[in-house]
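Read through the structure below, which is laid out as structure tokens, and then see the notes.
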Amino acid sequence: MRITYACPTCRAAVRLDGIESATALTCSACGAAVPVPPGAVAWSAPDGSPAAAGGGVPTLRRCLVCPGSELFARKDFPQRLGVAIVVIGFAASCLTWAWRLLVPTFAILFGTALVDVLLYLLMPECLTCYRCGARYGGAGGPHGGFDLETHEKHRQQRLRLGGGVPPASGPP
């Protein structure tokens with residue numbers, strides 16, 4: 001399992017691999033350690049039944065960085081790159097449309113859509129914490145897709161506590 005999170009102490013982006021059995025997450029920039037809560041990672045067999053520690057698939061029950069227990073599943077793909085692909089396809093199709101080249105215009109639009117579908121099918125999923133934005137690759141769990149109400153609840157709580165609004169996609 002892999003985690004990408006913003007260090008609570010120095011806000012540096014931290015990426016760690018193999019954290020299934022870690023007792024603490026250590027920031028590479030400032031050395032601050034975030035203790036992993038006991039029972040946050042469970043092990044399950046591929047069929048979903050409980051398995052011994054270290055055997056099976058790691059299942060995340062809660063966030064390892066913050067006290068949040070609400071996570072959502074999403075594609076592990078940079079949103080900015082996805083938007084850039086769409087914008088470039090749109091701009092290229094606008095140019096060919098302005099030059100009155102009908103077939104290349106639609107070829108670019110359909111090609112962009114095909115790239116989007118292929119990326120959606122090929123990219124793995126990751127879990128993201130609503131509260132702190134930590135992203136977990138290679139983890140499973142009983143977490144659904146994005147819920148706007150839950151996201152808004154955590155965003156409003158951050159604003160009330162004066163923590164500001166982190167980027168929508170989590171840490172870089």
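Leu121 is checked against (1) free of Cβ contacts under 8 Å to residues at least 12 places away in the same chain; (2) surrounded by 14 or more Cβ atoms within 10 Å (Cβ to Cβ); (3) not β-branched (Val, Ile, Thr) and fails just one. What number does that condition carry?
(2)
Right, Ala40: more than 27 Å from Asp147 (Cβ to Cβ), surrounded by fewer than 17 Cβ atoms within 10 Å (Cβ to Cβ), assigned by TED's automatic domain parsing to the domain that holds Arg135 and among the hydrophobic types (A, V, I, L, M, F, W, C) or not? I'd like the intermediate steps shown before the answer.
Values: more than 27 Å from Asp147 (Cβ to Cβ): no; surrounded by fewer than 17 Cβ atoms within 10 Å (Cβ to Cβ): yes; assigned by TED's automatic domain parsing to the domain that holds Arg135: yes; among the hydrophobic types (A, V, I, L, M, F, W, C): yes.
No; evaluated as a whole, the condition is false for this residue.
Can you go through Gly140, Gly89, Gly145, Gly163 and tell me which one is crowded, with 16+ Cβ neighbours inside 10 Å and modelled with pLDDT under 95?
On the way: Gly89 fails: modelled with pLDDT under 95; Gly145 fails: crowded, with 16+ Cβ neighbours inside 10 Å; Gly163 fails: crowded, with 16+ Cβ neighbours inside 10 Å.
Residue meeting the stated conditions: Gly140.
For the range 97-111, indicate whether the set of residues that are under 20 Å from Pro78 (Cα atoms), surrounded by 12 or more Cβ atoms within 10 Å (Cβ to Cβ) and either of a type in the set (A, V, I, L, M, F, W, C) or touching a residue at least 40 places away in the same chain (Cβ under 8 Å) (or both) is non-empty.
No.
Return a yes/no flag: does the range 110-121 have any residue that is in contact with a Ser or Thr (Cβ under 6 Å, 6 or more places away or on another chain) and either at pLDDT 95 or above or assigned by TED's automatic domain parsing to the domain that holds Cys7 (or both). Steps first, answer last, please.
At the first step, the residues of the range 110-121 found to be in contact with a Ser or Thr (Cβ under 6 Å, 6 or more places away or on another chain) are none.
Within the range 110-121 (the criterion being in contact with a Ser or Thr (Cβ under 6 Å, 6 or more places away or on another chain) and either at pLDDT 95 or above or assigned by TED's automatic domain parsing to the domain that holds Cys7 (or both)), the answer is no, since none of the residues qualifies.
Scan the range 106-156 residue by residue and report those that are in contact with a helix residue (DSSP H, G or I) (Cβ under 7 Å, 6 or more places away or on another chain) and aromatic (Phe, Trp, Tyr).
Tyr130, the sole residue that qualifies.
Under 7 Å between Cβ atoms, which residue pairs at least 6 apart in sequence (or on different chains) link something in the range 72-86 that is of a type in the set (D, E, K, R) with a partner that is loosely packed, with under 13 Cβ neighbours inside 10 Å?
Within 7 Å, the pairs are Arg74/Phe146; Lys75/Tyr120; Asp76/Pro124.
Between a first residue in the range 127-138 that is without any contact (Cβ under 8 Å) to a residue 12 or more places away in the chain and over 14 Å from Val41 (Cβ atoms) and a second residue that is surrounded by fewer than 21 Cβ atoms within 10 Å (Cβ to Cβ) and among the hydrophobic types (A, V, I, L, M, F, W, C), which pairs have beta carbons less than 7 Å apart while being 6 or more apart in sequence or on different chains?
Going by the 7 Å Cβ cut-off, there are no qualifying pairs.
The values are calculated or read from the model by the stated rules, or taken from the named source; none is laboratory data. Quick caveat: nothing in here was measured; it's all calculated off a predicted structure. Methodologically, a virtual Cβ is constructed for each residue, glycine included, from the backbone with ideal geometry; neighbour enumeration extends over all protein chains shown.
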